[in-house]
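The values are calculated or read from the model by the stated rules, or taken from the named source; none is laboratory data. What you see is a predicted model, and the numbers here were worked out from it, not measured in a lab. Note: ideal-geometry Cβ built from the backbone for every residue, glycine included; neighbour counts use all protein chains shown. Side chains are part of the model used for accessible areas, which takes the heavy atoms of the whole protein and leaves out ligands, DNA and RNA. Shrake-Rupley method; radii C 1.70, N 1.55, O 1.52, S 1.80 Å.
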Amino acid sequence: MQASLEMVKALLDPGKKVVVLTGAGVSAESGVPTFRGKDGLWKTYRAEDLARPDAFAARPELVWEFYNWRRELVAGCEPNAAHRSLAVMEQQIPNFLLITQNVDGLHARAGSRKLVEMHGSLWRVRCTACAHAREERAPLPPLPECPVCGHLLRPGVVWFGEPLIPGVLKLAVEQLGHADLFISVGTSNLVQPAASFHQLAKDHGAITVEINLEATPNTGLSDFALHGRAGDILPELIAGMTP
Ligand code: APR
């Protein structure tokens, strides 16, 4: 792997356009459970069965309990070396974009600013009835109400079967179309549309890199597959770059 790592390092040129996609694996070393790993269960529920509009409509108290548990858990976690390395990369590469599927806010806390949170944020809430939406870090009641209209609030995240936040997909596709280097980190590449970003970047001529503990459906599309912990590999990639 060392040879591949050195080659990817050489590709991290400030003159290049670099797009990075991250998933839950980038936060695993901070103590945030991934979705499909062995810790991907909450009580007896799979996250995929709760992160859905129909689940919220049927049992809002259960879905809010799940999100309040995640908010509390993430509030006790710190960004790790992988998050910090990506923030350094952004500072050293002017033409850089970080697209994350994570809703934990740890990239922003590590200092990333050229950041698209494509699945929203655990720290946002929005009304199910009116346009009220806000950032809310304080603990929430079991069924939080909208201060404007009194209807139920919901987490400001994108659930299965819901469209992305307007403009996000367009921006991602535009940026991927111009990328020289695409790096995917810590995602199982099983959830669309992010799972297609690798192919899209490759089709437009980008060199593609995967960083993951294990192979994913997109490993075969990768010019370089770096298998190991994101918190070990990313610091090595940026070694020599100064923040
Ligand atoms: N370093 C690198 N990769 C890791 C690490 C680590 N320390 N720990 C775990 N991984 C990898 C796993 O091997 C797995 O491929 O991270 C990936 C995590 O995959 P998922 O749990 O499926 O997370 P993700 O790909 O982000 O899920 C996508 O699905 O449930 C929805 O909306 C949710 O955004 C999420 C989306």
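Considering the stretch 106-142 alone, what residues qualify as being within 30 Å of V18 (Cβ to Cβ), open to solvent by 10 Å² or more (accessible area, probe 1.4 Å) and part of a loop (DSSP other than H, G, I, E, B)? Listed by number, the residues that qualify are G111, R113, K114, H119.
Please indicate, with yes or no, whether at least one residue in the stretch 97-112 is out of contact with any Ser or Thr (no Cβ under 8 Å at 6 or more places or on another chain), in contact (Cβ under 8 Å) with a residue 12 or more places away in the chain and within 21 Å of A179 (Cα to Cα). Within the stretch 97-112 (the criterion being out of contact with any Ser or Thr (no Cβ under 8 Å at 6 or more places or on another chain), in contact (Cβ under 8 Å) with a residue 12 or more places away in the chain and within 21 Å of A179 (Cα to Cα)), the answer is yes, since at least one residue qualifies.
Selection of the stretch 2-38 for residues being in contact with a helix residue (DSSP H, G or I) (Cβ under 9 Å, 6 or more places away or on another chain), assigned to a loop (DSSP other than H, G, I, E, B) and surrounded by 13 or more Cβ atoms within 10 Å (Cβ to Cβ) yields L12, K17, G23, E29, S30, G31, V32, P33, T34, F35, R36, G37. I'd like the full set of residues that are within 13 Å of the ligand (Cβ to nearest atom) and free of Cβ contacts under 8 Å to residues at least 60 places away in the same chain, limited to the stretch 36-54. G37, K38, D39, G40, L41, W42, Y45, R46, A47, D49, L50, listed by residue number. Taken over the stretch 216-237, the criterion of being without any contact (Cβ under 8 Å) to a residue 12 or more places away in the chain and open to solvent by less than 40 Å² (accessible area, probe 1.4 Å) is satisfied by T219 alone. Of (1) part of a helix (DSSP H, G or I); (2) within 30 Å of A58 (Cα to Cα); (3) of a type in the set (F, W, Y), W159 satisfies all except one. Which? Against the list (1) part of a helix (DSSP H, G or I); (2) within 30 Å of A58 (Cα to Cα); (3) of a type in the set (F, W, Y), W159 comes up short only on (1). Say we look at the stretch 185-224 and pick out the residues that are among the charged types (D, E, K, R) and not in a helix (DSSP H, G or I); which of these is farthest from G37 (Cα to Cα)? For the stretch 185-224, the residue satisfying everything is D223.
Please determine, by comparing only the residues of the stretch 159-171 that are out of contact with any Pro (no Cβ under 8 Å at 6 or more places or on another chain) and under 25 Å from V18 (Cα atoms), which one is most open to solvent (accessible area, probe 1.4 Å). Looking at residues that are out of contact with any Pro (no Cβ under 8 Å at 6 or more places or on another chain) and under 25 Å from V18 (Cα atoms), I get K170.
Considering only residues of the stretch 6-35 that are of a type in the set (D, E, K, R) and more than 7 Å from the ligand (Cβ to nearest atom), which is farthest from K202 (Cα to Cα)?
The qualifying residue farthest from K202 (Cα to Cα) is E6.
Given the condition assigned to a strand (DSSP E or B) and at pLDDT 95 or above, answer yes or no: does some residue in the stretch 75-89 qualify? No.
Any residue that is in contact with a helix residue (DSSP H, G or I) (Cβ under 6 Å, 6 or more places away or on another chain) and more than 18 Å from M89 (Cβ to Cβ) - is there at least one of those in the stretch 171-192? The answer is yes, given that some residue of the stretch 171-192 is in contact with a helix residue (DSSP H, G or I) (Cβ under 6 Å, 6 or more places away or on another chain) and more than 18 Å from M89 (Cβ to Cβ). For the stretch 156-209, taking the residues that are among the acidic types (D, E) and closer than 19 Å to V116 by Cα, the one that is nearest to the ligand (Cβ to nearest atom) is identified as E162. Against the conditions (1) more than 11 Å from the ligand (Cβ to nearest atom); (2) surrounded by 14 or more Cβ atoms within 10 Å (Cβ to Cβ); (3) assigned by TED's automatic domain parsing to the domain that holds M7, L153 satisfies every one except (3).
Scanning the stretch 43-77 for residues that are under 19 Å from P139 (Cβ atoms), touching a helix residue (DSSP H, G or I) at 6+ places or on another chain (Cβ under 8 Å) and surrounded by fewer than 18 Cβ atoms within 10 Å (Cβ to Cβ) turns up L62, C77.
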